[in-house]
Amino acid sequence: MVSQCNSYTTKFQAFALSTTLILVTLGQKQLAHADEFLVISGGPALNRFEADKQTRHDRFWGNFIQTAETRLIEILKKKKSTDVVTWMVFRTGYERRSQEESRNLIAEIEQRAAKLNVTLKWFRKTRELISYINQGLDRSQHPIKQLDIFAHSNKACVMFDYSNRVDGVSTVFLHTRDLPLISSNAFRKDAYTTNWGCHAGEYWVDRWRQATDTYMWGAIGKTNYSYGAMMPIISTPGGRWVKFVPSGRR
Amino acid sequence: MNFSQWLQIEFALTLTFVLCGCAVTNSSVSQSTVSPGNKVFTPERVAQLNANPPPYWDAQREFHPVHSTWGFIKRPDQEWSEALLVMLNEDTLPAPHRKLPRRDSDHLQRYRFYGYFDSEPAYEPFLNKLFDVFVLTGYEKSEVGEQLRLVEKSDAGITSSFTRQTRMRDRSTSRHRYSVEDIE
């Protein structure tokens, strides 16, 4: 009888131990889990390349910075306390524009990020950006919940560098052909992603969905960043925001 | 402790390791790198262009009102039909037209160029194409040449709507071999 009682006690202890281990593990996972809000800013063109053009880009150096800040403020208001907010900025573009503006734009952006209390990450190459998206954080614990891209764009390509290193072209860009390099595991299935650049709704959004299994909003037409701290608006008559390329434009 | 007790503990520990292990497994995404936008633009190709550099390069400006291509460049012993359509990196020296009243002031002007090819290509958004980039370190003015060709239009249909106008303008010219390829 005593021996049977001991047996039951040991079984109960083992059960309790296993249950505790499972609950502790699940609890740790729950505590560790936090979504990431990621905002990406491309760089500005140089005035020396743009000054004599009819369609001049980036008179103001901070088009992609101010709009990103506005978005970050929105995110900070709605995010959970455990969520991570990261701001990735194309450094080379601002270094070169700093020389032209005779002011330290790098320090200025760092100050703005510090003021918002968000994590600032600089990048120089597209592979650095993709690497961060894929494995910058443990994506099983920190999937990307929201992504916003502020940069020059056409319907097939986001250009982090535009008319900055070479007049009128891009040397650092993310083309739709490279989107399969982005892991769909990096995103929550219900991730809210937006490309705020021009024409993204005419091709890019479909390719993004194919590559990442998440929907992305993009513009039919051009987007205008010249309203200061306001979010970009569509400047093309008849333009609109879409997450599927309309059938007539495929 | 009997076998069933060991089994229970074993089960608990196994479950724990499985749950802990998920994070490691899922996070180990393979290292991604961005492939060159175009098979033509490999480091080997640029090395080949820069190998045995000629004393100078023959260059001819061909201004285009929409595209950002600078013009053509070739070795002195090559035919103009073999010339490459290039972009100019002006970090070391501004392009010759910067000293002139307008961008098209030196249209069809020929030069002797000094410099080398950059290791990375440039993406031209209106054409949706990659181009070689020539880093200009010096130049001398030469004679005026004849029109070689306008820029090849993009057939991919994924450039901006602005390009469609350009494409119509360019329809007449396709007689030369191109140094560029569609990025898609």
Legend entry - Directionally averaged projected area (convex hull, Cα atoms, chain A), nm²: 17.8
Legend entry - Helical mean residue ellipticity (222 nm; -39500 (n - 2.57) per DSSP H run of 4+; nearest 500) of chain A: -12000 deg cm²/dmol
Inset, instruction - Please give the average number of partner chain Cβ atoms lying within 10 Å of the Cβ of each residue in A:135-144, rounded to a whole number. - result: 3
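Please report the buried accessible area for the interface of A with B, total over both chains, probe 1.4 Å, in Å² to the nearest 100.
Interface area, both chains combined: 4100 Å², rounded to the nearest 100.
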Legend entry - Surface per residue (accessible, 1.4 Å probe) for chain A, Å²: 44
Legend entry - Pairwise FRET efficiency - B:Asp91 versus A:Lys189, Cβ, R0 = 41 Å, nearest 0.05: 0.40
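Using DSSP to call loops (not H, G, I, E or B), can you name the chymotrypsin sites (Phe, Trp or Tyr not before Pro) in region A:169-208 whose Cβ has at most 13 other Cβ atoms within 10 angstrom?
Hits after loop and neighbour filter: nothing returned.
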Legend entry - 5 angstrom amide H check on B:Tyr139, placed H, neighbours 5+ away: B:Tyr114
Inset, instruction - Could you pull out every residue, at least 5 positions away or on a different chain, whose amide H is within less than 5 Å of the one on A:Val84? Hs are placed 1.01 Å off N in the peptide plane, and Pro or chain starts have none. - result: A:Asp35, A:Glu36, A:Phe37
Inset, instruction - Rounded to whole Hz and in sequence order, give me ³J(HN,Hα) for region B:78-86 from the Karplus expression 6.51 cos²θ - 1.76 cosθ + 1.60, θ = phi - 60°, writing x for Gly and Pro. - result: 9, 7, 5, 5, 9, 5, 9, 7, 10
Legend entry - Residues with amide H under 5 Å from that of A:Phe187, placed H, sequence gap 5 or more: A:Ile144
Inset, instruction - With r as the distance between the Cβ atoms of A:Thr82 and A:Asn47 and R0 = 41 Å, compute the FRET efficiency 1/(1 + (r/R0)^6) and round to 0.05. - result: 0.45
Legend entry - Positions from region A:174-222 whose accessible area shrinks by 30 Å² or more when the full protein complex is built, not the chain alone, probe 1.4 Å: A:His175, A:Arg177, A:Asp178, A:Leu181, A:His199, A:Tyr203
Legend entry - Net lengthening on full extension, A:Arg103/A:Thr70 (0.36 nm per residue, minus Cα-Cα): 9.6 nm
Legend entry - Solvent accessible area, Å² - A:Ser235, 1.4 Å probe, full protein context: 60
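The values are calculated or read from the model by the stated rules, or taken from the named source; none is laboratory data. Here the structure is a predicted model, which means the values were calculated and not measured. Every residue, glycine among them, receives a Cβ derived from its backbone with ideal geometry; neighbour counts consider all protein chains shown. Protein only, heavy atoms only, side chains kept; ligands, DNA and RNA dropped before computing areas. Shrake-Rupley method; radii C 1.70, N 1.55, O 1.52, S 1.80 Å.
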